[in-house]
1. Quick check: is even one residue across the stretch 156-179 hydroxyl-bearing (S, T, Y) and touching a residue at least 12 places away in the same chain (Cβ under 8 Å)?
2. Show the residue pairs meeting these rules: Cβ distance below 7 Å; 6+ apart or different chains; first residue within the stretch 46-66 and free of Cβ contacts under 8 Å to residues at least 60 places away in the same chain; second residue buried (at least 17 other Cβ atoms within 10 Å of the Cβ).
3. For the stretch 73-108, how many residues meet the condition of being of a type in the set (S, T, Y) and either touching a Pro at 6+ places or on another chain (Cβ under 7 Å) or surrounded by 17 or more Cβ atoms within 10 Å (Cβ to Cβ) (or both)?
4. Name the residue that is farthest from Y296 (Cα to Cα), counting only residues in the stretch 94-139 that are small (G, A, S) and assigned to a helix (DSSP H, G or I).
5. So which helices (runs of 4 or more DSSP H) are wholly in the stretch 199-304 and hold at least 1 residues that are in contact with a Lys or Arg (Cβ under 7 Å, 6 or more places away or on another chain) and under 24 Å from A324 (Cα atoms)?
6. Name the single residue, out of those in the stretch 322-364 being loosely packed, with under 15 Cβ neighbours inside 10 Å and hydroxyl-bearing (S, T, Y), that is farthest from V15 (Cα to Cα).
7. Select from the stretch 1-48 the residues that are farther than 24 Å from L236 by Cβ and of a type in the set (D, E, K, R) and write down the one among them that is modelled with the highest pLDDT.
8. If I ask for residues that are more than 16 Å from V277 (Cα to Cα) and touching a Leu at 6+ places or on another chain (Cβ under 7 Å), which ones from the stretch 1-30 would you list?
Amino acid sequence: MLDVLRAGAAQMVCVGHAVRFFSGGFGQRWPLPHNTGVVLFFILSGFLITYTLIERSKEPSYGFGTFLIERTARIYSGLIPALFLVVIVDGIVLHFVNDRSISFAYNLQTFLANLAMFDSYRGSLSEFSITQWPQFGSATPLWTLAIEWHIYLFVAAIFFMGRKPSAIPLLIPVAILFGQMPSHYIFYPLKADGVGQGLLIAWLLGSYVYFISPHIKVPALAAAGAVVVSIACYLLSTGARAEYKFTSYLALAILLLFLVQASQATRIAAPRVTTAVRFCAGYSFTLYLIHHTLMYAVFVLGYRGHTVAIGMIIISNVVAAAIAIPTEMKHKTIARFLSKLATATADEARRRAAAVLNLLRRRA
């Protein structure tokens, strides 16, 4: 069920942008699917990261370093190839069209800033120019990734300070640095129309769903009914560009709660369907990162219409899947490699330190 939400959220963002670019956009009555997909990503992220921290920390060896390695592999396995695709596609677009909206952010400094997750930064360091960067080229969805990355490290630092007090001196600076951006956006939006405000709240609601789910037992039929009601409440209470409101977050968090209940109460999909959903979820992150760039390129070149919108949704999915199979879908393999590399590096550092101490003792 969580894979359904992950894949569905990515498709909502993809379809929402396709309609906006090529089919004239949406009205004001209903929530925009691309904004709704973003919020769902954050709520689902809160649920999954909380699950990871709680369950994995049962292993004595699991600490902040292991969490960082796994999150780095998960995020950068999608981000790095996506950024290079943006370099290529935007480069082609700029060869034909001098589009100021992407050319001003198409440079090495902005590329590196996005790679370091400092685009859209707000906080106590905002006065320094080194933290003031837009999204690279046409990759505007990266603003959400930067916020989510800072939430990861902020929440993990606090979690492990509670679990391992000996790590507090090392993790306090991490919590302070990476708590700036998500804390800022609780009170202020990224854009004047409210986009981006309170995403840490959405994330924490997803975390809360994880904690209360084991204590709530709802029959399958009742859970399915509650899912329908929560969707209806969300649609009726949320208009266009009102997706970044606490009431909207709450409705989507309730939806997640009862979807979890429904999935625990009954088997709702055949094995082949499950495999297909898992595959779609496996490239959902890459789809989220690259679809806007592909669509913007076609939009700038002047193509419009419903057929173009459908075609770009299909193309975005195909390209994302092709990129993700050797990259995003291999993030666990990448994490194991990085873990072995970190262990080997640490062992070598300890060996060298021991050798230096022995040398100093002999000289003394």
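The values are calculated or read from the model by the stated rules, or taken from the named source; none is laboratory data. These figures come from a predicted structure and were not determined experimentally. Glycine also receives a Cβ, built like all others from the backbone with ideal geometry; neighbour counts cover every protein chain displayed.
1. Checking the stretch 156-179: not a single residue is hydroxyl-bearing (S, T, Y) and touching a residue at least 12 places away in the same chain (Cβ under 8 Å).
2. R56/Y62
3. Residues that pass the stated criteria total 3.
4. S129
5. Filter on the stretch 199-304 gives 271-282, 284-300.
6. Ranking the qualifying residues of the stretch 322-364, first place goes to T345.
7. Here the residue is R6.
8. Result: C14, G16, F26, W30.
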